[in-house]
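Engineer: Got a structure here, written out as C-alpha coordinates. Questions coming.
The values are calculated or read from the model by the stated rules, or taken from the named source; none is laboratory data. None of the values given here were measured: they were computed from a predicted structure. Reconstructed Cβ throughout: ideal geometry from the backbone, glycine too, with neighbour counts over all protein chains shown.
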Ligand code: FAD
(Lines give C-alpha, C1' and ligand atoms only; values in the text may rest on other atoms or scores of the structure.)
Protein backbone atom coordinates (compact mmCIF):
# COMPACT_ATOMS: atom_id res chain seq x y z
CA UNK A 1 0.00 0.00 0.00
CA UNK A 2 1.27 3.44 -0.91
CA UNK A 3 -0.42 6.52 0.45
CA UNK A 4 0.33 9.24 -2.03
CA UNK A 5 -0.33 12.88 -1.14
CA UNK A 6 -2.87 13.54 -3.86
CA UNK A 7 -4.20 10.27 -5.03
CA UNK A 8 -6.29 10.59 -8.18
CA UNK A 9 -8.80 8.07 -9.47
CA UNK A 10 -9.22 7.74 -13.23
CA UNK A 11 -12.81 9.04 -12.83
CA UNK A 12 -14.01 11.67 -10.37
CA UNK A 13 -14.79 10.21 -6.96
CA UNK A 14 -18.45 10.30 -5.94
CA UNK A 15 -19.53 9.88 -2.34
CA UNK A 16 -22.79 9.65 -0.43
CA UNK A 17 -23.37 9.76 3.31
CA UNK A 18 -25.85 7.87 5.46
CA UNK A 19 -27.29 9.30 8.68
CA UNK A 20 -29.90 8.13 11.15
CA UNK A 21 -32.69 10.37 12.48
CA UNK A 22 -31.80 11.84 15.89
CA UNK A 23 -33.76 10.98 19.03
CA UNK A 24 -32.81 13.85 21.32
CA UNK A 25 -31.91 17.55 20.91
CA UNK A 26 -28.25 16.68 21.67
CA UNK A 27 -28.21 14.01 18.95
CA UNK A 28 -29.87 16.47 16.60
CA UNK A 29 -27.11 19.02 17.23
CA UNK A 30 -24.43 16.37 16.54
CA UNK A 31 -26.17 15.33 13.33
CA UNK A 32 -26.44 18.86 11.98
CA UNK A 33 -22.87 19.77 12.80
CA UNK A 34 -21.80 16.57 10.98
CA UNK A 35 -23.94 17.50 7.98
CA UNK A 36 -22.41 20.96 7.95
CA UNK A 37 -18.91 19.50 8.04
CA UNK A 38 -19.56 16.96 5.27
CA UNK A 39 -21.81 19.03 2.98
CA UNK A 40 -18.97 20.97 1.32
CA UNK A 41 -17.63 17.65 -0.01
CA UNK A 42 -20.61 17.81 -2.37
CA UNK A 43 -21.99 14.28 -1.90
CA UNK A 44 -24.17 12.84 -4.66
CA UNK A 45 -26.85 12.36 -2.01
CA UNK A 46 -27.26 12.02 1.74
CA UNK A 47 -29.59 9.34 3.05
CA UNK A 48 -31.59 9.07 6.27
CA UNK A 49 -32.47 5.64 7.65
CA UNK A 50 -35.91 4.38 8.65
CA UNK A 51 -36.08 2.73 12.08
CA UNK A 52 -37.06 -0.92 12.37
CA UNK A 53 -40.77 -1.39 11.73
CA UNK A 54 -41.18 2.26 10.76
CA UNK A 55 -40.41 3.37 14.32
CA UNK A 56 -38.75 6.58 13.08
CA UNK A 57 -41.29 7.44 10.40
CA UNK A 58 -41.89 10.99 11.66
CA UNK A 59 -38.26 11.64 12.59
CA UNK A 60 -36.98 10.36 9.25
CA UNK A 61 -39.50 12.58 7.47
CA UNK A 62 -38.59 15.59 9.61
CA UNK A 63 -34.85 15.14 8.98
CA UNK A 64 -35.23 14.61 5.24
CA UNK A 65 -37.64 17.55 4.90
CA UNK A 66 -35.24 19.81 6.78
CA UNK A 67 -32.46 18.74 4.41
CA UNK A 68 -34.67 19.77 1.48
CA UNK A 69 -35.62 23.09 3.06
CA UNK A 70 -32.34 24.20 4.56
CA UNK A 71 -29.53 22.75 2.42
CA UNK A 72 -28.43 22.30 -1.18
CA UNK A 73 -27.99 18.57 -0.55
CA UNK A 74 -29.91 15.86 -2.39
CA UNK A 75 -31.59 13.81 0.35
CA UNK A 76 -32.67 10.19 0.03
CA UNK A 77 -35.24 8.75 2.43
CA UNK A 78 -34.94 5.09 3.46
CA UNK A 79 -38.27 3.26 3.52
CA UNK A 80 -39.21 -0.32 4.48
CA UNK A 81 -42.25 -2.57 3.88
CA UNK A 82 -42.41 -3.80 7.50
CA UNK A 83 -45.65 -3.76 9.46
CA UNK A 84 -47.52 -1.35 7.20
CA UNK A 85 -50.24 -1.61 4.58
CA UNK A 86 -49.55 -0.56 0.99
CA UNK A 87 -51.82 2.40 1.60
CA UNK A 88 -49.76 3.57 4.57
CA UNK A 89 -46.48 3.12 2.71
CA UNK A 90 -47.87 4.92 -0.36
CA UNK A 91 -48.91 7.75 1.97
CA UNK A 92 -45.31 8.06 3.19
CA UNK A 93 -44.01 8.04 -0.40
CA UNK A 94 -46.50 10.74 -1.48
CA UNK A 95 -45.57 12.89 1.52
CA UNK A 96 -41.91 12.66 0.44
CA UNK A 97 -42.81 13.65 -3.10
CA UNK A 98 -44.77 16.65 -1.80
CA UNK A 99 -41.87 17.65 0.45
CA UNK A 100 -39.60 17.74 -2.63
CA UNK A 101 -37.72 14.48 -1.99
CA UNK A 102 -36.79 12.70 -5.23
CA UNK A 103 -34.73 9.72 -4.03
CA UNK A 104 -35.83 6.76 -1.89
CA UNK A 105 -33.73 3.87 -0.56
CA UNK A 106 -36.19 0.96 -0.77
CA UNK A 107 -35.82 -1.93 1.67
CA UNK A 108 -37.80 -4.87 2.88
CA UNK A 109 -36.72 -4.25 6.48
CA UNK A 110 -36.08 -6.67 9.31
CA UNK A 111 -38.73 -8.98 10.75
CA UNK A 112 -40.95 -7.40 13.42
CA UNK A 113 -39.56 -9.88 15.97
CA UNK A 114 -36.00 -8.77 15.19
CA UNK A 115 -33.16 -10.33 13.22
CA UNK A 116 -33.17 -14.10 13.36
CA UNK A 117 -36.97 -14.42 13.51
CA UNK A 118 -39.06 -15.27 10.44
CA UNK A 119 -40.16 -12.42 8.21
CA UNK A 120 -43.91 -12.20 7.57
CA UNK A 121 -45.14 -9.54 5.18
CA UNK A 122 -48.10 -7.43 6.31
CA UNK A 123 -51.23 -9.06 4.78
CA UNK A 124 -52.11 -5.79 3.02
CA UNK A 125 -48.52 -4.65 2.59
CA UNK A 126 -45.78 -4.82 -0.01
CA UNK A 127 -44.53 -8.40 0.11
CA UNK A 128 -41.02 -7.96 -1.24
CA UNK A 129 -38.65 -5.09 -1.86
CA UNK A 130 -39.16 -5.35 -5.61
CA UNK A 131 -42.90 -4.66 -5.08
CA UNK A 132 -42.00 -1.60 -3.01
CA UNK A 133 -39.64 -0.37 -5.76
CA UNK A 134 -42.51 -0.65 -8.26
CA UNK A 135 -44.85 1.15 -5.82
CA UNK A 136 -42.39 4.03 -5.36
CA UNK A 137 -41.94 4.47 -9.11
CA UNK A 138 -45.74 4.48 -9.48
CA UNK A 139 -46.08 7.44 -7.10
CA UNK A 140 -43.47 9.64 -8.78
CA UNK A 141 -40.33 9.69 -10.88
CA UNK A 142 -38.08 8.92 -7.90
CA UNK A 143 -34.52 7.72 -8.09
CA UNK A 144 -34.56 4.40 -6.20
CA UNK A 145 -31.61 2.77 -4.48
CA UNK A 146 -31.74 -0.73 -2.97
CA UNK A 147 -29.50 -2.94 -0.83
CA UNK A 148 -26.99 -5.58 -1.96
CA UNK A 149 -25.14 -8.17 0.11
CA UNK A 150 -21.65 -9.18 -1.08
CA UNK A 151 -21.50 -11.82 1.68
CA UNK A 152 -25.18 -12.86 1.24
CA UNK A 153 -28.14 -11.70 3.29
CA UNK A 154 -28.53 -14.07 6.28
CA UNK A 155 -32.04 -15.11 5.11
CA UNK A 156 -31.07 -15.86 1.52
CA UNK A 157 -30.76 -19.57 0.70
CA UNK A 158 -27.64 -18.91 -1.37
CA UNK A 159 -25.72 -16.05 -2.92
CA UNK A 160 -27.37 -16.86 -6.25
CA UNK A 161 -30.84 -16.60 -4.61
CA UNK A 162 -29.78 -13.26 -3.14
CA UNK A 163 -28.71 -12.07 -6.60
CA UNK A 164 -32.11 -13.25 -7.95
CA UNK A 165 -33.67 -10.83 -5.45
CA UNK A 166 -31.37 -8.04 -6.63
CA UNK A 167 -32.33 -8.86 -10.21
CA UNK A 168 -36.03 -8.60 -9.29
CA UNK A 169 -35.41 -5.18 -7.71
CA UNK A 170 -33.58 -4.01 -10.85
CA UNK A 171 -36.38 -5.37 -13.07
CA UNK A 172 -38.82 -3.26 -11.03
CA UNK A 173 -36.77 -0.11 -11.62
CA UNK A 174 -33.98 0.11 -9.01
CA UNK A 175 -31.34 2.57 -10.19
CA UNK A 176 -28.49 1.76 -7.80
CA UNK A 177 -27.56 -0.78 -5.15
CA UNK A 178 -25.67 0.09 -1.98
CA UNK A 179 -23.86 -2.80 -0.33
CA UNK A 180 -23.91 -3.95 3.25
CA UNK A 181 -20.51 -3.07 4.75
CA UNK A 182 -17.62 -5.48 4.29
CA UNK A 183 -13.95 -5.36 5.29
CA UNK A 184 -12.39 -7.75 2.80
CA UNK A 185 -12.57 -6.18 -0.66
CA UNK A 186 -12.38 -9.63 -2.26
CA UNK A 187 -15.99 -10.21 -1.16
CA UNK A 188 -17.04 -7.10 -3.08
CA UNK A 189 -15.14 -7.94 -6.26
CA UNK A 190 -16.29 -11.58 -6.32
CA UNK A 191 -19.88 -10.40 -5.82
CA UNK A 192 -19.51 -7.76 -8.53
CA UNK A 193 -18.27 -10.43 -10.99
CA UNK A 194 -21.30 -12.60 -10.28
CA UNK A 195 -23.73 -9.69 -10.53
CA UNK A 196 -22.25 -8.46 -13.81
CA UNK A 197 -22.21 -12.04 -15.17
CA UNK A 198 -25.98 -12.04 -14.62
CA UNK A 199 -26.30 -8.92 -16.77
CA UNK A 200 -27.11 -6.57 -13.87
CA UNK A 201 -25.56 -3.26 -14.82
CA UNK A 202 -26.69 -0.72 -12.21
CA UNK A 203 -23.96 0.77 -9.98
CA UNK A 204 -23.16 -1.49 -7.00
CA UNK A 205 -21.84 1.11 -4.59
CA UNK A 206 -19.65 -0.20 -1.76
CA UNK A 207 -20.96 0.68 1.70
CA UNK A 208 -18.03 1.68 3.91
CA UNK A 209 -18.24 1.71 7.67
CA UNK A 210 -15.48 3.47 9.57
CA UNK A 211 -15.16 1.41 12.76
CA UNK A 212 -16.10 3.98 15.39
CA UNK A 213 -16.62 1.20 17.94
CA UNK A 214 -15.19 -2.25 17.18
CA UNK A 215 -17.41 -4.23 19.57
CA UNK A 216 -20.59 -2.62 18.25
CA UNK A 217 -19.50 -3.15 14.66
CA UNK A 218 -18.63 -6.80 15.33
CA UNK A 219 -22.02 -7.41 16.99
CA UNK A 220 -23.86 -5.79 14.13
CA UNK A 221 -21.77 -7.69 11.58
CA UNK A 222 -22.65 -11.00 13.24
CA UNK A 223 -26.37 -10.24 12.82
CA UNK A 224 -26.17 -9.04 9.26
CA UNK A 225 -23.91 -11.71 7.82
CA UNK A 226 -20.85 -9.48 7.31
CA UNK A 227 -17.61 -11.16 8.33
CA UNK A 228 -14.96 -9.67 10.58
CA UNK A 229 -11.50 -10.73 9.39
CA UNK A 230 -9.09 -11.95 12.10
CA UNK A 231 -6.59 -9.22 11.16
CA UNK A 232 -9.21 -6.55 11.89
CA UNK A 233 -10.06 -8.00 15.31
CA UNK A 234 -6.34 -8.20 16.08
CA UNK A 235 -5.81 -4.53 15.26
CA UNK A 236 -8.43 -3.47 17.82
CA UNK A 237 -7.61 -6.14 20.39
CA UNK A 238 -6.69 -4.72 23.80
CA UNK A 239 -7.62 -1.14 22.89
CA UNK A 240 -10.97 -0.96 24.70
CA UNK A 241 -9.76 1.83 26.98
CA UNK A 242 -7.73 3.68 24.33
CA UNK A 243 -10.11 5.81 22.29
CA UNK A 244 -7.42 7.83 20.53
CA UNK A 245 -5.53 4.82 19.16
CA UNK A 246 -8.79 3.14 18.15
CA UNK A 247 -9.72 6.19 16.14
CA UNK A 248 -6.36 6.31 14.36
CA UNK A 249 -6.65 2.62 13.52
CA UNK A 250 -10.21 3.07 12.29
CA UNK A 251 -9.07 5.83 9.95
CA UNK A 252 -6.15 3.74 8.69
CA UNK A 253 -8.33 0.66 8.10
CA UNK A 254 -10.95 2.60 6.14
CA UNK A 255 -8.26 4.47 4.20
CA UNK A 256 -6.56 1.22 3.19
CA UNK A 257 -9.90 -0.19 2.12
CA UNK A 258 -11.07 2.71 -0.02
CA UNK A 259 -7.65 3.27 -1.59
CA UNK A 260 -7.50 -0.39 -2.62
CA UNK A 261 -11.01 -0.04 -4.11
CA UNK A 262 -9.95 3.09 -6.03
CA UNK A 263 -6.84 1.30 -7.30
CA UNK A 264 -9.11 -1.43 -8.61
CA UNK A 265 -11.43 0.92 -10.46
CA UNK A 266 -14.12 1.87 -7.93
CA UNK A 267 -15.06 5.55 -7.89
CA UNK A 268 -18.31 5.61 -5.89
CA UNK A 269 -18.59 5.16 -2.13
CA UNK A 270 -21.44 5.22 0.38
CA UNK A 271 -20.32 5.99 3.94
CA UNK A 272 -22.20 4.79 7.00
CA UNK A 273 -21.40 7.87 9.07
CA UNK A 274 -23.18 6.97 12.37
CA UNK A 275 -23.88 10.73 12.35
CA UNK A 276 -20.21 11.53 12.94
CA UNK A 277 -18.17 13.52 10.49
CA UNK A 278 -14.53 13.32 11.55
CA UNK A 279 -13.40 9.92 10.21
CA UNK A 280 -15.50 10.16 7.07
CA UNK A 281 -14.24 13.67 6.35
CA UNK A 282 -10.63 12.53 6.72
CA UNK A 283 -11.18 9.52 4.45
CA UNK A 284 -12.80 11.71 1.80
CA UNK A 285 -9.77 14.00 1.94
CA UNK A 286 -7.56 10.96 1.36
CA UNK A 287 -9.70 10.18 -1.67
CA UNK A 288 -8.77 13.61 -2.98
CA UNK A 289 -12.07 15.36 -2.25
CA UNK A 290 -11.81 18.97 -1.21
CA UNK A 291 -14.43 20.89 0.73
CA UNK A 292 -15.91 23.55 -1.53
CA UNK A 293 -16.42 27.03 -0.21
CA UNK A 294 -20.20 26.59 -0.48
CA UNK A 295 -22.05 26.88 2.76
CA UNK A 296 -24.54 24.19 3.74
CA UNK A 297 -27.32 26.75 4.11
CA UNK A 298 -29.43 27.42 1.01
P1 LIG B 1 -33.97 -7.83 0.22
O2 LIG B 1 -32.78 -7.49 -0.59
O3 LIG B 1 -35.29 -7.60 -0.34
O4 LIG B 1 -33.86 -9.35 0.64
C5 LIG B 1 -32.66 -9.83 1.22
C6 LIG B 1 -32.56 -11.33 1.06
O7 LIG B 1 -33.48 -11.97 1.93
C8 LIG B 1 -32.87 -11.81 -0.33
O9 LIG B 1 -31.85 -12.60 -0.78
C10 LIG B 1 -34.10 -12.64 -0.22
O11 LIG B 1 -33.98 -13.79 -0.96
C12 LIG B 1 -34.17 -12.98 1.23
N13 LIG B 1 -35.55 -12.91 1.68
C14 LIG B 1 -36.34 -11.83 1.65
N15 LIG B 1 -37.55 -12.13 2.16
C16 LIG B 1 -37.49 -13.44 2.52
C17 LIG B 1 -38.40 -14.33 3.10
N18 LIG B 1 -39.65 -13.95 3.41
N19 LIG B 1 -37.99 -15.58 3.33
C20 LIG B 1 -36.72 -15.97 3.00
N21 LIG B 1 -35.83 -15.17 2.45
C22 LIG B 1 -36.20 -13.93 2.21
N23 LIG B 1 -33.20 -1.56 7.65
C24 LIG B 1 -34.11 -0.70 8.20
O25 LIG B 1 -34.98 -1.14 8.97
N26 LIG B 1 -34.05 0.64 7.94
C27 LIG B 1 -33.14 1.18 7.10
O28 LIG B 1 -33.12 2.40 6.88
C29 LIG B 1 -32.18 0.30 6.48
N30 LIG B 1 -31.25 0.77 5.60
C31 LIG B 1 -30.40 -0.11 4.98
C32 LIG B 1 -29.50 0.39 4.02
C33 LIG B 1 -28.62 -0.47 3.37
C34 LIG B 1 -27.69 0.10 2.33
C35 LIG B 1 -28.62 -1.87 3.69
C36 LIG B 1 -27.65 -2.79 3.02
C37 LIG B 1 -29.51 -2.37 4.63
C38 LIG B 1 -30.42 -1.51 5.28
N39 LIG B 1 -31.35 -1.98 6.21
C40 LIG B 1 -32.25 -1.11 6.79
C41 LIG B 1 -31.39 -3.41 6.59
C42 LIG B 1 -32.42 -4.23 5.81
O43 LIG B 1 -33.72 -3.76 6.05
C44 LIG B 1 -32.31 -5.68 6.27
O45 LIG B 1 -31.10 -6.25 5.87
C46 LIG B 1 -33.48 -6.58 5.91
O47 LIG B 1 -33.34 -7.80 6.62
C48 LIG B 1 -33.57 -6.95 4.43
O49 LIG B 1 -34.07 -5.90 3.69
P50 LIG B 1 -33.53 -5.72 2.17
O51 LIG B 1 -34.34 -4.73 1.46
O52 LIG B 1 -32.08 -5.52 2.21
O53 LIG B 1 -33.88 -7.19 1.66
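Engineer: Search the range 176-199 for residues being part of a loop (DSSP other than H, G, I, E, B), touching a helix residue (DSSP H, G or I) at 6+ places or on another chain (Cβ under 7 Å) and more than 11 Å from the ligand (Cβ to nearest atom), and hand back the single one that is nearest to residue 15 (Cα to Cα).
Structural biologist: The first filter runs over the range 176-199 and keeps only residues part of a loop (DSSP other than H, G, I, E, B), leaving 180-184, 198-199.
Keeping just the survivors that are touching a helix residue (DSSP H, G or I) at 6+ places or on another chain (Cβ under 7 Å) gives 180, 182-183, 198.
Now restrict to residues that are more than 11 Å from the ligand (Cβ to nearest atom): 183, 198.
Details: 183: 18, 198: 26 Å.
Of everything passing the filter in the range 176-199, 183 is nearest to residue 15 (Cα to Cα).
Engineer: Checking the structure you have, find out if any residue of the range 102-119 is surrounded by fewer than 18 Cβ atoms within 10 Å (Cβ to Cβ), near the ligand (Cβ under 8 Å from one of its atoms) and at pLDDT 95 or above.
Structural biologist: no
Engineer: Additional query: Answer yes or no as to whether residue 73 is assigned to a loop (DSSP other than H, G, I, E, B) and under 23 Å from residue 209 (Cβ atoms). Give the derivation first.
Structural biologist: Values: assigned to a loop (DSSP other than H, G, I, E, B): yes; under 23 Å from residue 209 (Cβ atoms): yes.
Criteria met by residue 73.
Engineer: Read through the list (1) out of contact with any helix residue (DSSP H, G or I) (no Cβ under 9 Å at 6 or more places or on another chain); (2) surrounded by fewer than 18 Cβ atoms within 10 Å (Cβ to Cβ), then give the number of the only condition that residue 16 fails.
Structural biologist: (2)
Engineer: Could you say which residue among 228, 202 is under 21 Å from residue 271 (Cα atoms), more than 9 Å from the ligand (Cβ to nearest atom) and touching a strand residue (DSSP E or B) at 6+ places or on another chain (Cβ under 8 Å)? Full working, then the answer.
Structural biologist: Numbers: 228 fails: touching a strand residue (DSSP E or B) at 6+ places or on another chain (Cβ under 8 Å).
Only one candidate qualifies: 202.
Engineer: If a residue has to be in contact (Cβ under 8 Å) with a residue 40 or more places away in the chain, over 16 Å from residue 44 (Cβ atoms) and more than 16 Å from the ligand (Cβ to nearest atom) to count, how many in the range 66-85 make the cut?
Structural biologist: 3
Engineer: Follow-up question, since we're still on this one. Out of 64, 89, 105, 48, which single residue is touching a helix residue (DSSP H, G or I) at 6+ places or on another chain (Cβ under 6 Å) and within 24 Å of residue 173 (Cα to Cα)?
Structural biologist: Details: 64 fails: touching a helix residue (DSSP H, G or I) at 6+ places or on another chain (Cβ under 6 Å); 89 fails: touching a helix residue (DSSP H, G or I) at 6+ places or on another chain (Cβ under 6 Å); 105 fails: touching a helix residue (DSSP H, G or I) at 6+ places or on another chain (Cβ under 6 Å).
Testing whether each residue is touching a helix residue (DSSP H, G or I) at 6+ places or on another chain (Cβ under 6 Å) and within 24 Å of residue 173 (Cα to Cα) leaves just 48.
Engineer: Let me ask something else. Considering only the range 265-282, state which residues are touching a helix residue (DSSP H, G or I) at 6+ places or on another chain (Cβ under 7 Å) and either surrounded by fewer than 19 Cβ atoms within 10 Å (Cβ to Cβ) or in a helix (DSSP H, G or I) (or both).
Structural biologist: Taking the range 265-282 as the starting set, the residues that turn out to be touching a helix residue (DSSP H, G or I) at 6+ places or on another chain (Cβ under 7 Å) are 269, 271, 273, 275-277, 279-282.
Across the range 265-282, the qualifying residues are 276, 279, 280, 281, 282.
Engineer: Checking the structure you have, find out if any residue of the range 54-63 is in contact with a strand residue (DSSP E or B) (Cβ under 7 Å, 6 or more places away or on another chain), within 11 Å of the ligand (Cβ to nearest atom), assigned to a loop (DSSP other than H, G, I, E, B) and farther than 30 Å from residue 289 by Cα. Break it down into steps so the answer makes sense when it comes.
Structural biologist: Step one: filter the range 54-63 for residues in contact with a strand residue (DSSP E or B) (Cβ under 7 Å, 6 or more places away or on another chain), giving 54, 60, 63.
Add one more test, that the residue is within 11 Å of the ligand (Cβ to nearest atom), and what stays is 54, 60.
From what is left, the residues that are assigned to a loop (DSSP other than H, G, I, E, B) are none.
No, because not a single residue in the range 54-63 is in contact with a strand residue (DSSP E or B) (Cβ under 7 Å, 6 or more places away or on another chain), within 11 Å of the ligand (Cβ to nearest atom), assigned to a loop (DSSP other than H, G, I, E, B) and farther than 30 Å from residue 289 by Cα.
Engineer: Anything in the range 207-234 that is surrounded by fewer than 18 Cβ atoms within 10 Å (Cβ to Cβ) and not in a loop (DSSP other than H, G, I, E, B)? List them, or say none.
Structural biologist: 215, 216, 218, 219, 220, 222, 223, 224, 230, 231, 233, 234
Engineer: Being part of a helix (DSSP H, G or I), at pLDDT 95 or above, more than 13 Å from the ligand (Cβ to nearest atom) and within 21 Å of residue 289 (Cβ to Cβ), is that true of even one residue in the range 5-27?
Structural biologist: No.
Engineer: Residues to consider are 173, 140, 125, 135; find the one that is surrounded by fewer than 17 Cβ atoms within 10 Å (Cβ to Cβ) and more than 9 Å from the ligand (Cβ to nearest atom). Full working, then the answer.
Structural biologist: Values: 173 fails: surrounded by fewer than 17 Cβ atoms within 10 Å (Cβ to Cβ); 125 fails: surrounded by fewer than 17 Cβ atoms within 10 Å (Cβ to Cβ); 135 fails: surrounded by fewer than 17 Cβ atoms within 10 Å (Cβ to Cβ).
Result: 140 is the single residue among 173, 140, 125, 135 that is surrounded by fewer than 17 Cβ atoms within 10 Å (Cβ to Cβ) and more than 9 Å from the ligand (Cβ to nearest atom).
Engineer: OK, next. Residue 129 passes all but one of (1) in contact (Cβ under 8 Å) with a residue 40 or more places away in the chain; (2) more than 28 Å from residue 95 (Cβ to Cβ); which number fails?
Structural biologist: (2)
Engineer: Follow-up. Kindly indicate which of 168, 156 is in a helix (DSSP H, G or I), within 14 Å of the ligand (Cβ to nearest atom) and out of contact with any strand residue (DSSP E or B) (no Cβ under 8 Å at 6 or more places or on another chain). Give the derivation first.
Structural biologist: On the way: 156 fails: in a helix (DSSP H, G or I).
Checking each option against the conditions leaves just 168.
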